[in-house]
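Below is one structure, written out as structure tokens, with a few remarks after it.
The values are calculated or read from the model by the stated rules, or taken from the named source; none is laboratory data. Only a predicted model underlies this, so the values are computations on that prediction, with no experimental measurement involved. Here Cβ is always computed from backbone atoms with ideal geometry, including for glycine, and neighbour counts include all displayed protein chains. All accessible areas refer to the heavy atoms of the entire protein, side chains included, with ligands and DNA or RNA removed. Shrake-Rupley method; radii C 1.70, N 1.55, O 1.52, S 1.80 Å.
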Amino acid sequence: MSRAFERWRQQSLARRFLLAGGVVSIAAALVVGALVTTLIEAAVTRNSAATTAMYVDGIIAPLLPDLQTTEVLDDITSRTLDETFGQGALGDRVISFRLWRADGTVLYATDASMIGRSFELNEELQRAFSGKLVAEFERPDDEESIAERAAGIPLLEIYNPILQPWSGEVVAVSEFYEVAEGFQESLWEARLLSWAAVAAVVAVFFLSLSAIVVRGSRTIDDQKAALTERVAELSNLLEQNRELHRRAQRASQRATALNESYLRRLGADLHDGPAQLVAYAALRIDSKTLVTPDTPAAVREVELSAIKARLHEAMEEIRAICRGLILPDIENGDLHEVITRAVNAHVQRTGSPVALRLSDVACELSPSAKITIYRFVQEALNNGFRHGGGVGQKVRQTLGDNEITVEVEDEGPGFDVEKVKPAGLGLAGLRERIESIGGRFSLKSSTSGTTVCMTLRAEGAEFTQ
């Protein structure tokens, strides 16, 4: 049952209406058709019976005596009625006639054996004695209608009350059976027309409603499809937002570790470089060569020159470290200017040439995007110089499909990407920085060189020639 109900729910609105509406329409057509047919049959039977009753009554009424006081018809009246129903138009039309008294006695009948016999009044006779014309089109089933049933032809059974002229009181009931072959044909024609009319009205009504429902169902289906597509788009956007949220969470979780890593790296650079040189200079200052008064002036001069040189080297290394930490003024620059400054700073610091190729169109970006691109170029060039010797370094920037792509290449010996530690070469910091603003990061390396690539969406950027 539940499976059938579920299958029913899965059908379209139009199909459900056509199925349910079709069943209801057929049932309604049957009910209405049966009711209309019954009413038409009753009306046709009543009208036909009334016409025949008036005709018969007009012929036999003048022949009958005062039936209120008459117990038995005299011979003259009986013979006259025999002649009337035995020949002529009435004889051909009426095959049986009986005249009933209120106590159930047959005063006259075309079948002489019935005259004088008494029967219990059936429902039709009772209604006729109450003053109503009763007519039925069917095979007679009364006790006294054996001959009529044996005739085997369609008959119209009519009970017509006979009224006293001056009082209007029912004094007798005439029962007669009219041959109804033509009436049967008319009745079948009336039935056919009534059923056809009911079927046509129901069909027009059902088809009109079906057209409206089908059109509405199509509109609903179109709206449902559009809504489903919209929900799918929103679900996709929601999943993208969740992914961005997860990436932001990962970036936030990595931020502290990366900052600590940068601090350790900075501490290692200061310890291995300027700190060692300053320590060397401090040891030389504390040496006996400068403290002893007997040390020749030339030796002291040499020692002081060495100390001075080491301190100068320490200052240069400190300045180099500071230049790597402090960003230049890039807030007012466009994309081309940001990349060019990063490349020029690397060339000035290392003396290693870098080939630069930029797109024909520049664009203005957000400060976070500019910082990310600058740090990406700076770190990628530093890695290429430190691990690949700075051989054949190139920076290429392209713009297409509303995306900004920056690639840094070198022709160094390369390395196995799978064996590199997550925090090695500063790659983790680059990846997290780029992905935190919705970008993509990729790394390829082989024996012929290494390529580091980043891609950012350029949505909202202002492009300039």
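Note down the net charge around T52, summing +1 for each Lys or Arg and -1 for each Asp or Glu among other residues with Cβ under 12 Å from its Cβ.
On the way: positive: R46, R93; negative: D57, E157, E178.
So the environment of T52 carries a net charge of -1.
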Order D334, D111, most accessible first, counting only protein heavy atoms with a 1.4 angstrom probe. D111, D334
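Multiplying the sequence separation of A27 and D111 by 0.36 nm and subtracting their Cα-Cα distance, what value in nm do you get?
Working: separation 84, 0.36 × 84 = 30.24 nm, distance 4.74 nm.
The span from A27 to D111 would gain 25.5 nm if fully extended.
Sort R98, R264 by accessible area with a 1.4 Å probe, largest first.
Values: R98 5, R264 155 Å².
Greatest to least solvent exposure: R264, R98.
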Inter-site label distance for E189 and N344 at 7 Å from Cα along Cβ, in nm: 11.1 nm
Accessible area of T110 in the full protein assembly, 1.4 Å probe (Å², nearest 10): 60 Å²
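Could you please report the charge total around G392, scoring K, R as +1 and D, E as -1 over all other residues with beta-carbon less than 12 angstrom from its beta-carbon? Can you show the working numbers first?
Numbers: positive: K394; negative: E409, D410, E411.
Net of charged neighbours comes to -2.
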Just grab the label-to-label distance for L263 and L311, each label 7 Å out from Cα along the Cβ direction, in nm (one decimal). 3.1 nm
Please give the net charge around I437, taking every other residue with its beta carbon less than 11 angstrom from that of I437, where Lys and Arg add +1 and Asp and Glu add -1. +3
For I26, solvent-accessible area (1.4 Å; no DNA, RNA or ligand), Å²: 110 Å²
Sorted by accessible surface (1.4 Å probe, heavy atoms of the protein chains only), largest first, W195, W100, W166 come out as W166, W195, W100
